[in-house]
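A quick write-up on the structure given underneath.
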Amino acid sequence: MRHNEGVSDPTTALPPDPYRLPSASARVVILGGGPGGYEAALTAARHGVETVLIEERGIGGAAVLTDVVPSKTLIATAEVLDLVAGSQRLGLRDADTGAAPTAETLDVDLAAVNHRVRELATAQSEDIRHRLIAMGVRVLDGRGRLVGQDRVEVRDAHGAVLEVLEAEVILLAVGARPRELDTAPCDGERILNWTQLYALEELPEHLVVVGSGVTGAEFASAYRALGSEVTLVSSREKVLPGTDADAADVLEDAFARRGVTVRSRSRAASARRTADGVVVTLTSGEELAGSHVLMAIGGLPRTGDLGLEEAGVRVTDSGHLETDRVSRTSVRGIYAAGDCTGVLPLASVAAMQGRTAMHHALGDAVSPLIISQVSSAIFTSPEIAVVGVGEETVRSGEVAGEVLTLGLDTNPRAKMQGITEGFVKLIVRPGSHTVLGAVVVAPRASELILPYTLALAHRLTAEQVAGTSTVYPSLSGSLAEVARQLDGDPSR
Ligand SMILES: Cc1cc2nc3c(=O)[nH]c(=O)nc-3n(C[C@H](O)[C@H](O)[C@H](O)COP(=O)(O)OP(=O)(O)OC[C@H]3O[C@@H](n4cnc5c(N)ncnc54)[C@H](O)[C@@H]3O)c2cc1C
């Protein structure tokens with residue numbers, strides 16, 4: 001057996017791999033066409049290596065077809081409604097009635113919204129397929145399975161073997177699927193997982209969202225903006241467990257103002273259909289009635305029936321593939337990327353892992369993935385974006401840091417735009433003031449976090465951030481402004 005040593009400790013410095021394959025001599029076989037797989041395929045193809053990408057359901061993977069692209073496209077419509085709802089104070093009036101505009105005066109044609117979502121996802125999937133083929137990647141529609149450590153068997157949807165491929169490098173990028181409760185089986189009509197939302201033709205009258213993590217919070221926010229009554233069932237004290245507590249507070253306030261009912265410290269035990277809706281039973285015995293329920297309780301890796309055991313690829317107790325920081329599994333020549341590794345369930349991370357795997361396998365210099373420099377966003381209203389060390393880590397004493405916070409209510413652009421919620425938070429190392437982490441809660445926080453990500457990656461100090469020119473007036477002005485608190489004079 002070809003085994004990698006020391007993969008279980010991602011912090012261990014990696015020795016040079018004596019088994020690296022020279023460029024252009026390998027045949028790379030990739031299982032899974034999501035961002036982990038397709039980015040890897042493009043990287044391998046750029047090396048001029050014979051590359052085969054096997055995809056079972058659709059190029060682009062869950063990221064393009066059911067998760068990132070559809071959810072953010074739906075949220076784009078929700079954002080417009082949010083803007084309308086917030087436009088009253090900007091002096092707009094309905095031309096006919098003279099009344100202040102409200103989101104309720106606009107009808108949401110969910111069938112049209114979802115049609116647009118599905119079309120956009122399909123087009124994106126096709127674009128990626130064309131790009132792969134144009135780069136010389138062989139795309140095989142089918143399901144791949146390891147047969148030993150250097151062969152992959154491909155079967156069609158009926159289980160017939162299409163091909164058995166020899167491979168010098170294999171990448172497993174098979175992703176994850178929604179976790180479901182046996183007591184709340186998703187039927188695609190009333191009891192839904194997030195992949196089934198885009199078949200809805202009419203807006204749910206009352207959507208019960210089970211799970212207040214990123215996915216649950218994003219859909220609760222979006223469907224409320226679209227006009228559904230929304231109840232969010234959260235097993236924790238606060239929504240968004242693991243996210244900056246101040247950011248979660250802002251979101252909870254926003255939910256309260258917009259009429260999302262949050263049932264904290266409540267756990268769903270089951271969900272069943274009624275004549276015209278659903279009933280969600282909590283573990284306390286209490287029942288919540290709604291028209292639809294969305295189960296957003298996390299994902300499970302698609303690592304079943306992949307031939308892992310026979311090949312000797314180690315999995316964790318949760319079924320994720322064990323990898324090191326350059327995406328190697330426990331078997332030499334077999335790499336893994338994306339949600340099936342359980343590193344961080346983000347499309348951006350999957351893509352990085354896939355590229356890293358190929359660079360490593362094909363003999364390039366590799367920069368291992370640095371999780372602490374990965375930025376991510378939660379696309380609620382307002383958006384929440386984070387990077388690096390969080391305030392909790394500082395408060396617990398795990399990392400020494402100074403926390404600087406500035407509300408957006410002091411920002412002139414925010415005032416002009418009628419933005420009333422949000423803040424920026426910067427965490428710096430005591431003494432040197434090197435940027436360690438940041439949180440931005442604001443409209444388009446996903447776009448505003450980049451300067452902090454750059455500062456973190458390039459070890460800039462708060463003084464360097466504070467001294468950088470910003471446009472006046474701009475929300476980004478607050479990104480620099482917060483850093484000026486270090487010398488005790490926020491107006492400097
Ligand atoms: C609702 C939602 C919204 C999200 N929004 C964001 C966001 O805004 N930003 C972000 O960065 N991340 C987001 N994510 C996370 C993101 O979707 C995942 O991290 C990303 O899809 C992981 O990419 P991947 O390549 O690992 O897997 P996937 O995208 O799941 O692709 C894996 C592919 O492998 C295929 N496959 C599985 N088994 C086999 C096999 N044996 N043979 C052949 N093919 C196989 C599957 O069919 C699938 O197409 C979101 C997730 C959810 C649920």
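Values computed for the structure shown
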{"item": "Per-region count, segment 142-164, residues among the hydrophobic types (A, V, I, L, M, F, W, C) and part of a strand (DSSP E or B)", "result": "6"}
{"item": "Members of segment 310-324 found to be within 16 Å of L344 (Cα to Cα) and part of a loop (DSSP other than H, G, I, E, B), listed by number", "result": "T316, S318, G319, H320, E322, T323, D324"}
{"item": "Residue among L475, L460 that alone is within 24 Å of F379 (Cα to Cα), at pLDDT 95 or above and not β-branched (V, I, T)", "result": "L475"}
{"item": "Residues being part of a loop (DSSP other than H, G, I, E, B), more than 16 Å from the ligand (Cβ to nearest atom), out of contact with any Leu (no Cβ under 7 Å at 6 or more places or on another chain) and at pLDDT 95 or above - total across segment 363-398", "result": "4"}
{"item": "Residue list for segment 336-353, filter: near the ligand (Cβ under 7 Å from one of its atoms) and closer than 12 Å to G37 by Cβ", "result": "A337, G338, D339, C340, A347, A350"}
{"item": "Residue within segment 128-150 that is surrounded by fewer than 14 Cβ atoms within 10 Å (Cβ to Cβ) and either among the polar types (S, T, N, Q) or without any contact (Cβ under 8 Å) to a residue 12 or more places away in the chain (or both) present", "result": "yes"}
{"item": "Residues satisfying the stated conditions in segment 445-465, i.e. closer than 13 Å to I370 by Cα and surrounded by 20 or more Cβ atoms within 10 Å (Cβ to Cβ)", "result": "L456"}
{"item": "Enumeration of residues in segment 351-373 that are buried (at least 18 other Cβ atoms within 10 Å of the Cβ) and within 17 Å of the chain's Cα centre (by Cα)", "result": "A351, M352, Q353, G354, L369"}
{"item": "Subset of segment 152-194 (residues that are among the charged types (D, E, K, R), under 21 Å from L53 (Cβ atoms) and away from the ligand (no atom under 14 Å from the Cβ))", "result": "E166, E168"}
{"item": "Hey, A41 over 19 Å from A296 (Cβ atoms) and buried (at least 17 other Cβ atoms within 10 Å of the Cβ) or not", "result": "yes"}
{"item": "Residue identified as under 28 Å from Y223 (Cβ atoms), of a type in the set (V, I, T), in the same structural domain as I59 (by TED's automatic domain parsing) and surrounded by 14 or more Cβ atoms within 10 Å (Cβ to Cβ) among T122, T102, T97", "result": "T122"}
{"item": "All strands (runs of 3 or more DSSP E) inside segment 165-258 with 3 or more residues being outside the structural domain of D109 (by TED's automatic domain parsing), surrounded by 24 or more Cβ atoms within 10 Å (Cβ to Cβ) and under 24 Å from the mean Cα position of the chain (by Cα)", "result": "206-210, 229-233"}
{"item": "Among (1) out of contact with any Ser or Thr (no Cβ under 6 Å at 6 or more places or on another chain); (2) touching a residue at least 40 places away in the same chain (Cβ under 8 Å); (3) in a helix (DSSP H, G or I), the one test that D82 misses", "result": "(1)"}
{"item": "Pair list, Cβ < 6 Å and 6+ apart or interchain, from segment 176-201 residues that are more than 19 Å from G290 (Cα to Cα) to residues that are buried (at least 16 other Cβ atoms within 10 Å of the Cβ) and among the acidic types (D, E)", "result": "A176/D339"}
{"item": "Looking only at segment 399-430, and only at residues there that are out of contact with any strand residue (DSSP E or B) (no Cβ under 7 Å at 6 or more places or on another chain) and assigned to a helix (DSSP H, G or I), the one that is farthest from L83 (Cα to Cα)", "result": "T410"}
{"item": "Verdict on G159 being surrounded by 14 or more Cβ atoms within 10 Å (Cβ to Cβ) and of a type outside the set (A, V, I, L, M, F, W, C)", "result": "no"}
{"item": "Hits in segment 34-51 - residues which are under 10 Å from L132 (Cα atoms) and more than 15 Å from the ligand (Cβ to nearest atom)", "result": "A45"}
{"item": "When residues of segment 58-72 are limited to those that are assigned to a helix (DSSP H, G or I) and more than 6 Å from the ligand (Cβ to nearest atom), the one surrounded by the most Cβ atoms within 10 Å (Cβ to Cβ)", "result": "V64"}
{"item": "Selection status of S318, buried (at least 23 other Cβ atoms within 10 Å of the Cβ), assigned by TED's automatic domain parsing to the domain that holds A62 and away from the ligand (no atom under 12 Å from the Cβ)", "result": "no"}
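The values are calculated or read from the model by the stated rules, or taken from the named source; none is laboratory data. Treat the numbers as computed from the prediction; the structure is a model and nothing was measured. With ideal geometry, Cβ positions are generated from the backbone for all residues, glycine too; neighbour counts draw on all protein chains shown.
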